[in-house]
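See structure below.
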Amino acid sequence: MSTKLTLLVEESVIEEAKLYAKKHGRSISNIVEEYLKTVTATSKKSTNELHPVIKNLWGSVKVSQKDIDYNHLLQDALLEKYLK
């Protein structure tokens with residue numbers, strides 16, 4: 001079921017949106033609806049979930065030491081980067 005929604009948007013944005021919608025054969029309503037679906041679906045995902053690119057890279061770097069102080073490594077890298 002569709003429901004009417006009134007939005008206040010800058011006129012220039014509306015004009016650009018109309019051109020975009022016409023170029024892609026879609027309505028502004030459809031574009032806004034798809035955007036809202038994407039935003040709400042993304043916000044429902046767990047914040048601990050890894051991005052697909054990160055998942056693909058996971059385990060690709062082998063570390064020989066088990067007791068690594070990552071905070072210390074990060075601190076060293078930042079010092080080296082910004083104090084050079």
- prompt: Can you tell me which residue in the range 10-42 is modelled with the highest pLDDT, limited to those that are loosely packed, with under 10 Cβ neighbours inside 10 Å and hydroxyl-bearing (Ser, Thr, Tyr)?
  reply: Ser12
query: For the range 1-20, how many residues are assigned to a loop (DSSP other than H, G, I, E, B) and either among the hydroxyl-bearing types (Ser, Thr, Tyr) or touching an Asp or Glu at 6+ places or on another chain (Cβ under 8 Å) (or both)?
result: 3
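The values are calculated or read from the model by the stated rules, or taken from the named source; none is laboratory data. Small disclaimer: the values here were computed from a predicted structure and weren't measured. Methodologically, a virtual Cβ is constructed for each residue, glycine included, from the backbone with ideal geometry; neighbour enumeration extends over all protein chains shown.
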